[in-house]
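Shown next, in structure tokens, is the structure this report addresses.
Laboratory data are not the source of any read-out in this text; all were calculated from the coordinates shown. Note that the structure is predicted; figures quoted are calculated from it, not measured. Neighbour counts run over all protein chains shown; Cβ positions are idealised from the backbone, glycine included.
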Amino acid sequence: MGPAAMFRFAVRIDPNAMALIALATNRSLSVHVTCASTPPCSAAKALSYDRVAIMRAIQSLLTSNSDCSHAMGIGAIILTGKPDTRRWLMKRVIVVGRGASGKSTLARRLSEISRLPVIELDKIFWQPGLVATPREQWIVIQEKLAAEPEWIMDGDLGPYDALQARLPRADTIIFLDFSLVRCVWRAIRRSRERLDFWHWVFSYRRKYRPQLLATIAQHAPDANLMTFSSLGELQSFLEAQMHFH
């Protein structure tokens with residue numbers, strides 16, 4: 001049997017991964033996976049790379065003007081970079097997700113890295129005595145806030161929200177799609193919550209998540225939607241941000 005041949009597959013990586021790579025490298029990228037085996041490995045197996053694995057390849061690409069590769073399992077991820085004059089810069093960011101998913105923590109960390117100001121929507125929406133701002137008034141408030149040139153808006157008010165008022169101005173939407181168990185654990189540790197909060201948290205995936213995604217698709221079709229379902233993915237994103245800035 002002769003030496004193993006190298007087979008190259010053109011692949012479609014998760015859109016989140018491509019957005020992260022483009023953001024970190026300021027390059028328009030093509031991505032291939034090589035597979036060294038005899039006979040060649042299946043395309044399905046060659047595509048089994050997640051965002052975290054792909055992000056590791058960025059480290060050398062950040063400091064190189066040429067192609068780079070990252071050895072991974074059965075083959076390698078090959079990133080071919082060309083200068084991208086349409087560089088994607090986050091200037092107006094919306095952070096959403098189930099209650100206690102870590103939206104405020106992420107917004108503060110992202111602000112430290114990017115120097116974008118944080119707007120904490122919870123503190124604006126809830127009036128003394130936890131009285132909700134009337135919906136029409138809340139829409140006007142959001143439109144004024146969103147008119148600013150740069151911001152990170154942190155908050156998902158569930159059934160009380162009018163997300164469509166701020167979505168059209170966003171260039172980036174970060175959706176923390178963490179598990180129910182994680183969010184409940186964080187909420188219990190954080191503070192005592194009202195009954196309507198718990199109803200929102202427990203019915204989020206069945207009821208409010210589909211509504212959220214539909215509203216984003218309708219009112220912010222051109223924004224970069226980045227969905228994170230694990231801390232590893234989120235940490236990779238923040239590490240890429242640190243290199244970029």
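Brief remarks follow.
- Tally of residues being surrounded by 17 or more Cβ atoms within 10 Å (Cβ to Cβ) and either farther than 18 Å from Gln142 by Cα or touching a Cys at 6+ places or on another chain (Cβ under 6 Å) (or both) across segment 114-127: 1
- If the condition is being more than 17 Å from the chain's Cα centre (by Cα) and not in a loop (DSSP other than H, G, I, E, B), then segment 140-162 contributes Val140, Ile141, Gln142, Glu143, Lys144, Leu145, Ala146, Gly158, Pro159, Tyr160.
- Contacts under 6 angstrom Cβ, first residue in segment 124-139 being part of a loop (DSSP other than H, G, I, E, B), partner surrounded by 11 or more Cβ atoms within 10 Å (Cβ to Cβ) and not aliphatic (A, V, I, L, M), 6 or more apart: Thr133/Phe125
- Any hit, segment 150-160, residues being touching a helix residue (DSSP H, G or I) at 6+ places or on another chain (Cβ under 8 Å) and surrounded by fewer than 13 Cβ atoms within 10 Å (Cβ to Cβ): yes
- Selection within segment 197-245: residues that are of a type in the set (Asp, Glu) and in a helix (DSSP H, G or I). The member of this set that is surrounded by the fewest Cβ atoms within 10 Å (Cβ to Cβ) is Glu239.
- Figure legend. Inter-residue proximity from segment 170-183: first residues in a helix (DSSP H, G or I), second residues surrounded by fewer than 20 Cβ atoms within 10 Å (Cβ to Cβ), beta-carbon distance below 9 Å, spacing 6+ or different chains. Indicated pairs: Leu180/Phe202; Leu180/Arg205; Arg182/Gly102; Arg182/Leu231; Cys183/Gly102.
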